[in-house]
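Chemist: I have a structure I would like to understand better, so I am pasting it below and will then ask my questions one at a time.
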Amino acid sequence: MVEILNIFLGNIQRGTKQVFGNLTIIPLYSKQESSLEYVTLKDALQKNFLSVAEINEGGSVPELAVVNDGDVFVLLLDGEELRGAKQNRVLNASILVEPNSKTVVPVSCTEQGRWAYNSANFEDSGVVMASFARSKKMASVSRNLKESRSYRSNQGEVWDEVSALSEKLSAHSPTGAMRDAFESRKEQLDAYQASFPLQEGQQGMLVLLGGKVAGLDILSKPEAYAELHTKLVQSYAIDALTIDKPVAEFDAEEMAFDFLAEAAHAETEVFESAGYGQDIRIDGKLLHGTCLIADEAVIHLALFRKEDENKSAEVEPMASWSRRRRYHH
């Protein structure tokens, strides 16, 4: 599994950077594609062969029931939000739901002030969790996987992150819903979105926020990524709106190279996915992430820079990988 990931990392290609305000995006492409066919959550819901509901009438905050009546796999992306039923939730991991199956999937609540039905089933919220909060959620899920083989998150931390985002954006929500924070800044998010158009054949993006690498997402299929592009851009743009500091000059290309190189040298641990395939958890000195592998191919890779607070634990800033490479050679 680790070899599959490293080969995939080595075959990632970077496009021409796009810049708007304090957000820089480098489109990503891959020489490798998976032969496994799948569609996105949005597509499956629109075609009415996928349904998502509470696991029973009473509901369970950290779990949802997904029924796939179609003949194709459905990819649920880590951080994607589902709206409705007893409260809005986000997915705790990227999951491939098998054709003609019922799967219980791990989720976190992103609407603390509601626990009552407003619909029988969930619908696509149109939102991927804000990148800073998503990174923290991913870290807590990884810890729980290692300690108890559970895909649960630290729910209290998730609620704190949603509240902090709303406070920073001066966004009011009667139920503490994360989606309301996005709605409150729709015009600004639309401006960001227009500045980062989808490129032909694009499979992912590496994002720099405030002059630092924030993270990346890349999928095996351009068609699937195209369905998720808007959500992913806005998940970083919403955090960009909370940063006021001016950005000093930086070399985005070199920073992107260093980030990918660090990922190739990070520690990894393999777990059985909550759906089809394997879930690799990635833990480096300066980054962490997850990779969903199925049928010997990477389906989705997500990486995030670890928070600056790690520096207080006497972790020295890593010298540029390209500069260290020149030194060693």
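Chemist: Please indicate, with yes or no, whether at least one residue in the stretch 182-194 is touching a strand residue (DSSP E or B) at 6+ places or on another chain (Cβ under 7 Å), at pLDDT 95 or above, closer than 28 Å to Cys291 by Cα and not small (Gly, Ala, Ser).
Modeler: So far as the stretch 182-194 goes, yes, one or more of its residues are touching a strand residue (DSSP E or B) at 6+ places or on another chain (Cβ under 7 Å), at pLDDT 95 or above, closer than 28 Å to Cys291 by Cα and not small (Gly, Ala, Ser).
Chemist: Select from the stretch 138-180 the residues that are more than 11 Å from Glu111 (Cβ to Cβ) and among the hydroxyl-bearing types (Ser, Thr, Tyr) and list them in ascending order.
Modeler: Listed by number, the residues that qualify are Ser140, Ser142, Ser148, Ser150, Tyr151, Ser153, Ser163, Ser166, Ser170.
Chemist: Scanning the stretch 224-254 for residues that are assigned to a loop (DSSP other than H, G, I, E, B) and among the charged types (D, E, K, R), which turns out modelled with the highest pLDDT?
Modeler: Among residues in the stretch 224-254 that are assigned to a loop (DSSP other than H, G, I, E, B) and among the charged types (D, E, K, R), the one modelled with the highest pLDDT is Asp251.
Chemist: From (1) crowded, with 23+ Cβ neighbours inside 10 Å; (2) within 20 Å of Pro222 (Cα to Cα); (3) touching a Phe, Trp or Tyr at 6+ places or on another chain (Cβ under 9 Å), pick out the condition that doesn't hold for Gly289.
Modeler: (2)
Chemist: Take Glu98 and tell me if it is in contact with a strand residue (DSSP E or B) (Cβ under 8 Å, 6 or more places away or on another chain), of a type in the set (Asp, Glu), crowded, with 21+ Cβ neighbours inside 10 Å and more than 29 Å from Tyr236 (Cβ to Cβ). First the steps, then the outcome.
Modeler: On the way: in contact with a strand residue (DSSP E or B) (Cβ under 8 Å, 6 or more places away or on another chain): yes; of a type in the set (Asp, Glu): yes; crowded, with 21+ Cβ neighbours inside 10 Å: no; more than 29 Å from Tyr236 (Cβ to Cβ): yes.
When the stated conditions are applied, Glu98 does not pass them.
Chemist: If a residue must be of a type outside the set (Gly, Ala, Ser), part of a loop (DSSP other than H, G, I, E, B) and within 23 Å of the chain's Cα centre (by Cα), how many such residues does the stretch 159-174 contain?
Modeler: Of all residues in the stretch 159-174, those of a type outside the set (Gly, Ala, Ser) come to 159-162, 165, 167-169, 172, 174.
Next, only the ones that are part of a loop (DSSP other than H, G, I, E, B) stay: 169, 172, 174.
Filter again for within 23 Å of the chain's Cα centre (by Cα), leaving 169.
Result for the stretch 159-174: 1.
Chemist: To continue, here is another question. Could you figure out which of (1) under 19 Å from Glu111 (Cβ atoms); (2) modelled with pLDDT under 95 isn't true of Gly21?
Modeler: For Gly21, the exception is condition (1).
Chemist: Here is a further query. Identify, from the list Val72, Val141, Val127, the residue that is of a type in the set (A, V, I, L, M) and surrounded by fewer than 22 Cβ atoms within 10 Å (Cβ to Cβ).
Modeler: Val72
Chemist: Considering the stretch 175-221 alone, what residues qualify as being in a helix (DSSP H, G or I) and free of Cβ contacts under 8 Å to residues at least 24 places away in the same chain?
Modeler: Keep residues of the stretch 175-221 that are in a helix (DSSP H, G or I), which gives 178-184, 186-195.
Passing the criteria: Asp180, Glu183, Ser184, Lys186, Glu187, Asp190, Ala194.
Chemist: Exactly one of these conditions fails for Ala237: (1) under 23 Å from Asp43 (Cα atoms); (2) surrounded by 17 or more Cβ atoms within 10 Å (Cβ to Cβ). Give me its number.
Modeler: That leaves (1) as the condition not met.
Chemist: I need the full set of residues from the stretch 263-275 which are modelled with pLDDT of 95 or more and either surrounded by fewer than 15 Cβ atoms within 10 Å (Cβ to Cβ) or under 18 Å from Leu303 (Cβ atoms) (or both), in order please. Can you show your working first?
Modeler: From the stretch 263-275, those modelled with pLDDT of 95 or more are 263, 266-275; that's our starting set.
Scanning the stretch 263-275 gives Ala263, Ala266, Glu267, Thr268, Glu269, Val270, Phe271, Glu272, Ser273.
Chemist: Could you tell me whether any residue of the stretch 111-121 is under 20 Å from Leu75 (Cα atoms), in a strand (DSSP E or B) and in contact with a strand residue (DSSP E or B) (Cβ under 6 Å, 6 or more places away or on another chain)?
Modeler: Yes, there is a match, as at least one residue in the stretch 111-121 is under 20 Å from Leu75 (Cα atoms), in a strand (DSSP E or B) and in contact with a strand residue (DSSP E or B) (Cβ under 6 Å, 6 or more places away or on another chain).
Chemist: Follow-up question, since we're still on this one. Just a yes or no: is a residue in the stretch 201-217 surrounded by fewer than 21 Cβ atoms within 10 Å (Cβ to Cβ), farther than 21 Å from Leu165 by Cα and among the aliphatic types (A, V, I, L, M)?
Modeler: no
Chemist: Of (1) touching a Cys at 6+ places or on another chain (Cβ under 6 Å); (2) surrounded by fewer than 19 Cβ atoms within 10 Å (Cβ to Cβ), Gln87 satisfies all except one. Which?
Modeler: (2)
The values are calculated or read from the model by the stated rules, or taken from the named source; none is laboratory data. Small disclaimer: the values here were computed from a predicted structure and weren't measured. A quick note on method: Cβ atoms are made from the backbone with ideal geometry, for glycine too, and the neighbour counts reach across all protein chains shown.
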